[in-house]
Amino acid sequence: MAALGWLTRLAPRRPATARSVRAGEAAAEAARKSAQEHERERREEAAPPPEPEFPVAGDVKAAAFFDLDNTVMQGAALFHFGRGLYKRHFFRKRELARFAWQQTWFRLAGIEDPAHIQDARDSALSIVKGHRVSELMAVGEEIYDEYMAERIWPGTRALAQAHLDAGQKVWLVTAAPVETATIIARRLGLTGALGTVAESVGGVYTGRLVGEMLHGPAKAEAVRALAAAEGLDLSRCAAYSDSANDIPMLSLVGHPCAVNPDAGLRKHARERGWRLRDYRTGRKAARVGIPAAVGLGALAGGAAAAVALHRRRR
């Protein structure tokens, strides 16, 4: 998740708060509902499956949790999504200039200013305020095909498939919007996704989050809430991430794994004897995070989309 974009990098690491717990619980509720609906649709549409040629040895108390950005997907899903939104004229030049300035300020100053973070988040949410959830979901399907499908890491995809083949559920856990995360999970054949949840009324975004972004401690709260609801034993579960921001989530499970890790996570993983997997080569492995933007519009679009497209499951 090292490449979530500049907005999530601004967020200071801190213990879980009531807002983190609320965000985690909302994400878990939305993920379970979406996965149940998807499974019901799949069963209705699919022909009766053939009898298995051999018994499937699945541990029903185990599951796998995968971070998205730079773990499952090369770069940031929100960066690619922002490019798609800009292409579809969701942003005005004035908004592009503002987000570009905020990005430049952070990269030059390198200061985690909570007031600045709040301003950037509120600005981005205002862009989708008033848009219908269904409209943004349709756009998300198109953007996946345009920008994301070819950026899935084959190695991480194979790890996820191994869990599926063992009869375990596999969930994405990301600060990306729950709608975007769910699209990606379905395209990859995963169980579902935990993502940032925002409020909608009557299918229209209000411009407010439920709790906060699913980042850092909030991710751990989401995994904990989902595990409780699903009857999982976290000591038998696995989690995968590239970022030190996800140490709270990785520390919850009995089988953590650092994938394409940043420097902080690599050090932490080595100290604790966690598994390491790196699918990058050469200069890619040396990079920490934010993908290069193709032009000012794409860069600002990715930053502006960092909290867009969330919804509350009512």
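Here Val223 qualifies as within 20 Å of Arg22 (Cα to Cα), in contact with a helix residue (DSSP H, G or I) (Cβ under 8 Å, 6 or more places away or on another chain) and either buried (at least 24 other Cβ atoms within 10 Å of the Cβ) or of a type in the set (Phe, Trp, Tyr) (or both). The set of residues from the stretch 201-216 being crowded, with 24+ Cβ neighbours inside 10 Å and of a type in the set (Ser, Thr, Tyr) comprises just one member, Tyr205. So which residues in the stretch 118-138 are at pLDDT 80 or above and not small (Gly, Ala, Ser), if there are any at all? Of everything in the stretch 118-138, those that are at pLDDT 80 or above and not small (Gly, Ala, Ser) turn out to be Lys129, His131, Arg132, Val133, Glu135, Leu136, Met137. In the set (1) modelled with pLDDT of 70 or more; (2) farther than 30 Å from Glu146 by Cβ, the condition left unmet by Glu39 is number (2). Pairing residues of the stretch 232-250 that are among the aromatic types (Phe, Trp, Tyr) with residues that are not in a helix (DSSP H, G or I), at Cβ distances under 6 Å and at least 6 apart in sequence or on separate chains, gives Tyr240/Phe66; Tyr240/Thr71; Tyr240/Cys257; Tyr240/Val259. Here Arg208 meets the list (1) within 28 Å of Glu142 (Cα to Cα); (2) more than 16 Å from the chain's Cα centre (by Cα); (3) at pLDDT 90 or above almost entirely, failing just condition (3). In this structure, does Ala138 turn out to be surrounded by 18 or more Cβ atoms within 10 Å (Cβ to Cβ) and either free of Cβ contacts under 8 Å to residues at least 24 places away in the same chain or within 29 Å of Arg236 (Cβ to Cβ) (or both)? In short, no.
Screening the candidates Ala181, Ala193, Ala185, Ala176 for the property of being at pLDDT 95 or above, in contact with a Gly (Cβ under 7 Å, 6 or more places away or on another chain), more than 15 Å from Arg132 (Cα to Cα) and crowded, with 24+ Cβ neighbours inside 10 Å yields one hit, Ala185. I'd like to know if the stretch 17-28 contains one or more residues that are at pLDDT 50 or above, in contact with a helix residue (DSSP H, G or I) (Cβ under 9 Å, 6 or more places away or on another chain) and of a type in the set (Ser, Thr, Tyr). Yes, the stretch 17-28 contains a residue that is at pLDDT 50 or above, in contact with a helix residue (DSSP H, G or I) (Cβ under 9 Å, 6 or more places away or on another chain) and of a type in the set (Ser, Thr, Tyr).
The values are calculated or read from the model by the stated rules, or taken from the named source; none is laboratory data. Because the structure is a prediction, the values reported are computed rather than measured. Cβ atoms come from the backbone with ideal geometry, glycine included; neighbour counts cover every protein chain shown.
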